[in-house]
1. Output the residues belonging to segment 81-95 that are modelled with pLDDT under 80 and under 20 Å from residue 16 (Cβ atoms).
2. Can you tell which of 25, 37, 7 is of a type in the set (A, V, I, L, M), over 15 Å from the mean Cα position of the chain (by Cα) and surrounded by 20 or more Cβ atoms within 10 Å (Cβ to Cβ)?
3. Determine if segment 174-191 includes at least one residue that is within 20 Å of residue 31 (Cα to Cα), touching a helix residue (DSSP H, G or I) at 6+ places or on another chain (Cβ under 6 Å) and not in a helix (DSSP H, G or I).
4. Go through segment 100-113 and give me each residue that's within 22 Å of the chain's Cα centre (by Cα) and modelled with pLDDT of 80 or more.
5. Got at least one residue in segment 125-145 being at pLDDT below 80 and either on the phi > 0 side of the Ramachandran plot or buried (at least 21 other Cβ atoms within 10 Å of the Cβ) (or both)?
6. Give the residue, chosen from 151, 125, 119, 98, that is of a type in the set (A, V, I, L, M) and within 23 Å of residue 16 (Cβ to Cβ).
7. Going through segment 1-56 one residue at a time, which ones are within 20 Å of residue 245 (Cβ to Cβ), at pLDDT below 95 and not in a helix (DSSP H, G or I)?
Amino acid sequence: MHLSILLWGITGVLGSSISLREGVLVWWRLLLVSISLGLQILLLKRSFKVTKTQFYKMTAVGVLLMVHWLFFYGAIKYSNVSITLSCFSTTSLFTALIEPVFGYKKLRVSEILFSLLGIVGIVFIFYDGSDYILGIALALMAAFVGSFFNIFNKEIVLELPPDIVSFYEMLTGFVGLTILLPIYLHFFPDSVLLPSTNDWALLAILAFVCTHVALTLSLAALKYLSAFTLNLAVNLEPIYGIALAFILLGENELLGINFYIGSCIVLLSVVAHAWYVSKYEALA
């Protein structure tokens, strides 16, 4: 499981290193992963058949995934990997607050407190990264949209094999972004559509290793993990990503003390929330 989380953590560094704008980057990622998953399903001689209702659900989630990635990579382009991942780690807190709205569970006072603690951390990051206001806003939007993706995806993966679900979500996200691409290019006419040789190599790693392989590993690990281990492992992704950004991109030289204080507060709130949820569910 930790290997898959580490691979996901690399996606931020890769996104920063790829020269393509976020819209084009996400378009290529969705296309390559769709092809990869489609070939896997064909080689395993699996059926692509789904009901209309299931297809409509996956289409909606696929669009959410596409928007989520646009915000995520946009945040990296307009700030940096460390700031993006620190703010993005609030996804689980957003999920805890949004799930009760759709009747999946009751809102707990503890989750409000954890969310408030996370907000305190974001304030510290904001003061240290005031030059990256747009990036911080996009990262928080990525976390917010990502929480909806997690919530709605829960129902679908109970009905269909995970690789089938992922294939349709990637494919419909790709189709949705293809429809929107002319509008995107109108507002960002300087966007380069074809990747450079270096970008092709990084895109291949991003799509096939950090998305397809990471997804396969995480699904295999689900059979053997407790709820707490799973929640904690997923919430370690920002830590892995920030550490890699420090090592590979030297971002530690660009950040001040408030960033470190804020990041520690946010990550503390996320890990504490995962621990509390696992303990609460064990006693329930």
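1. Matches in segment 81-95: 89 only.
2. Working: 25 fails: over 15 Å from the mean Cα position of the chain (by Cα); 7 fails: over 15 Å from the mean Cα position of the chain (by Cα).
Being of a type in the set (A, V, I, L, M), over 15 Å from the mean Cα position of the chain (by Cα) and surrounded by 20 or more Cβ atoms within 10 Å (Cβ to Cβ) holds for just one of 25, 37, 7, which is 37.
3. So the first thing to find is which residues in segment 174-191 are within 20 Å of residue 31 (Cα to Cα), and the list is 174-185, 191.
Next, from what is left, pick out any that are touching a helix residue (DSSP H, G or I) at 6+ places or on another chain (Cβ under 6 Å): 174, 176-177, 184, 191.
Those left that are additionally not in a helix (DSSP H, G or I): 191.
Yes.
4. 100, 101
5. The initial filter retains those residues of segment 125-145 that are at pLDDT below 80, namely 125-131.
Those left that are additionally either on the phi > 0 side of the Ramachandran plot or buried (at least 21 other Cβ atoms within 10 Å of the Cβ) (or both): 125, 129.
Yes, that holds for at least one residue.
6. Only one candidate qualifies: 125.
7. none
Let's see how each residue does on (1) loosely packed, with under 15 Cβ neighbours inside 10 Å; (2) within 24 Å of residue 114 (Cα to Cα); (3) within 19 Å of the chain's Cα centre (by Cα); (4) modelled with pLDDT of 80 or more:
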| position | (1), (2), (3), (4) |
| --- | --- |
| 184 | no, no, no, yes |
| 224 | yes, no, no, no |
| 238 | no, yes, yes, no |
| 271 | no, yes, yes, no |
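The values are calculated or read from the model by the stated rules, or taken from the named source; none is laboratory data. Here the structure is a predicted model, which means the values were calculated and not measured. Please note: Cβ atoms are built from the backbone with ideal geometry, for glycine as well, and neighbour counts cover all protein chains shown.
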